[in-house]
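Please read the structure below before turning to the comments.
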């Protein structure tokens, strides 16, 4: 599936909010726009830097609302570093490389062959427990180039 453009992402987020009796306010739109333009998970400090007109408390509130409707997800690394990104159905499927020292998170898009192996492994694991898997995520923990 090809990544969505900004206009379509905003449209889908607005629909999700309305389905939950929430408005697509300027603040929520700003948060979505910052996350879309970044193309990778951001900590709240970076969201604040990229949208200085948005107070941190408001940014957190908007992020919670957007998480609640499935438009944003939180990615937490060691040391309680929380980063935020748009949900995969608004972007594209990917995994994360998470640094245990500095907390940086890097998106990585695996090959089709890699995803087939992971899907088979998920199928084997869920079959044993009669669990219906809808999606998966893979976070690889280690040290980034700067922290090694």
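All of the numbers you see were taken from the coordinates with simple rules; none came from a lab. The structure presented is a predicted model; accordingly, all values stated were derived computationally and were not measured.
Computed from Cα atoms, the angle from the helix 112-129 axis to the main principal axis of the chain rounds to 80 degrees. Comparing mean-square fluctuations of 76, 91, 126 from a GNM of the chain with C-alpha springs under 10 Å, the top value falls on 126.
Ignoring everything except DSSP H segments at least 4 long, calculate the 222 nm mean residue ellipticity for the chain; use -39,500 (n - 2.57) per segment, divide by total residues, nearest 500. Helix contribution divided over all residues of the chain: -14000 deg cm²/dmol.
When the chain is modelled as a GNM with alpha-carbon springs shorter than 10 Å, which of 89, 107, 130 fluctuates the most? Sorting by GNM fluctuation, first place goes to 130. Once the Cα atoms are used to define both axes, helix 6-19 deviates from the longest principal axis of the chain by about 80 degrees. One chain, two ends: residue 116 and residue 26. Fully extended at 0.36 nm per residue, the span grows by 28.4 nm beyond their Cα-Cα distance. Past the 14 angstrom mark, what percentage of all C-alpha to C-alpha distances in region 54-138 do you count? Counting every Cα pair in region 54-138, those more than 14 Å apart make up 72 percent. Considering every Cα-Cα pair within region 81-130, what fraction, in whole percent, is farther apart than 13 Å? Above the 13 Å cut-off, region 81-130 has 69 percent of its Cα pairs. Between 0 and 90 degrees, the angle of helix 56-68 with respect to the longest Cα principal axis of the chain falls at about 50 degrees.
Extension gain, residue 146-residue 106: 0.36 nm per intervening residue step, less the Cα-Cα distance, totals 13.1 nm.
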